[in-house]
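Peer 1: Structure in structure tokens, see below.
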Amino acid sequence: MFDTRKKDDEYVKGAATHNAFVDIYEGKDKVVVVADMPGVTDKTVDVTLEKEVLSITGRVEAFEGREARQYARSFTITDRINTEGIKAGVKHGVLTLTLPFAEEAKAKKIPVSFN
């Protein structure tokens, strides 16, 4: 399910690549992915979806004696996810992805009648 993909043009030259630490929560109508990527901002993180592969990459330039670093992580998305509804936000180096379930994948209540 997890796969790290690298594309030379997306990375900080000479920076070490780290797997982003990720927590995944499944709710009633969505999956939430929380990725710890210290130092990234909305301008230095990318979220892409190519076919069924959702990839996250983040870059942090060198500063104040610290080396440049980058993060990468990829996930396979099933047809249970509404890919048009995926949302992403980053705050204080934490990327949060919300992946809503497709209508067909949501649990449905079946009425029971008295016979």
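The values are calculated or read from the model by the stated rules, or taken from the named source; none is laboratory data. What you see is a predicted model; the values in this text were computed from it and never measured. Because the Cβ atoms are built from the backbone with ideal geometry, glycine has one as well, and the counts that use them run over all protein chains shown.
Peer 1: All but one of (1) crowded, with 18+ Cβ neighbours inside 10 Å; (2) more than 19 Å from Y25 (Cβ to Cβ); (3) not hydrophobic (A, V, I, L, M, F, W, C) hold for R73, so report the exception by its number.
Peer 2: (2)
Peer 1: Additional query: Mind counting the residues in segment 78-115 that are in contact with a helix residue (DSSP H, G or I) (Cβ under 7 Å, 6 or more places away or on another chain) and surrounded by fewer than 17 Cβ atoms within 10 Å (Cβ to Cβ)?
Peer 2: Selection size over segment 78-115: 1.
Peer 1: Go through segment 47-65 and count every residue that is surrounded by fewer than 14 Cβ atoms within 10 Å (Cβ to Cβ), in contact (Cβ under 8 Å) with a residue 24 or more places away in the chain and in contact with a strand residue (DSSP E or B) (Cβ under 6 Å, 6 or more places away or on another chain).
Peer 2: Counting residues in segment 47-65 that are surrounded by fewer than 14 Cβ atoms within 10 Å (Cβ to Cβ), in contact (Cβ under 8 Å) with a residue 24 or more places away in the chain and in contact with a strand residue (DSSP E or B) (Cβ under 6 Å, 6 or more places away or on another chain) gives 2.
One line per residue, one yes/no per condition, for (1) part of a loop (DSSP other than H, G, I, E, B); (2) among the polar types (S, T, N, Q); (3) at pLDDT 90 or above:
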| site | (1), (2), (3) |
| --- | --- |
| K6 | yes, no, no |
| V22 | no, no, yes |
| V34 | no, no, yes |
| T41 | yes, yes, yes |
| V47 | no, no, yes |
| S55 | no, yes, yes |
| R59 | no, no, yes |
| Y71 | no, no, yes |
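Peer 1: Answer yes or no: is there a residue in segment 99-112 that is among the hydrophobic types (A, V, I, L, M, F, W, C) and assigned to a strand (DSSP E or B).
Peer 2: Yes, the conditions are met somewhere in segment 99-112.
Peer 1: Right, here's the next one. Could you please find all residues in segment 35-82 being of a type in the set (F, W, Y) and either within 15 Å of L97 (Cβ to Cβ) or within 10 Å of the chain's Cα centre (by Cα) (or both)?
Peer 2: Y71, F75 - these are the residues of segment 35-82 that are of a type in the set (F, W, Y) and either within 15 Å of L97 (Cβ to Cβ) or within 10 Å of the chain's Cα centre (by Cα) (or both).
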